[in-house]
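Beneath this line is the structure, given in structure tokens, with notes to follow.
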Amino acid sequence: MADKKPYPIREEWEEYYKVLEGIRRTGVVNMWGAGPYLKEFCPELSEKESGEILCNWMTNYSELAEKYKW
């Protein structure tokens, strides 16, 4: 049985991942608290969605950094 990631990278979230990387680079907040910042930059997201995207980004950070050359 193949291992399935609990938070697979979602291509439709690419722009949100990039926003989170921008937030990380500013250093204004510990990334555990970045959900409200993501929601502020992307008001179409609900609080729950921004939290899910943040968890996904954090779980997959190494793979995303390699993919997007951060």
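Quick check, is TRP70 under 28 Å from LYS4 (Cβ atoms) and in a loop (DSSP other than H, G, I, E, B)?
yes
Which of the residues spanning the range 6-58 are over 22 Å from TRP70 (Cα atoms), open to solvent by 90 Å² or more (accessible area, probe 1.4 Å) and outside any helix (DSSP H, G or I)?
Matches in the range 6-58: PRO6, PRO43, GLU44.
Of all residues in the range 59-70, which are touching a helix residue (DSSP H, G or I) at 6+ places or on another chain (Cβ under 6 Å) and surrounded by fewer than 16 Cβ atoms within 10 Å (Cβ to Cβ)?
Listed by number, the list holds a single entry, TRP70.
The values are calculated or read from the model by the stated rules, or taken from the named source; none is laboratory data. In this text, all values refer to a predicted model and were calculated from it rather than measured experimentally. As a convention, Cβ positions derive from the backbone with ideal geometry for all residues, glycine included, and neighbour counts pool all protein chains shown. Quick note on the areas: whole protein, heavy atoms, side chains included, nothing else; ligands and nucleic acids left out. Shrake-Rupley method; radii C 1.70, N 1.55, O 1.52, S 1.80 Å.
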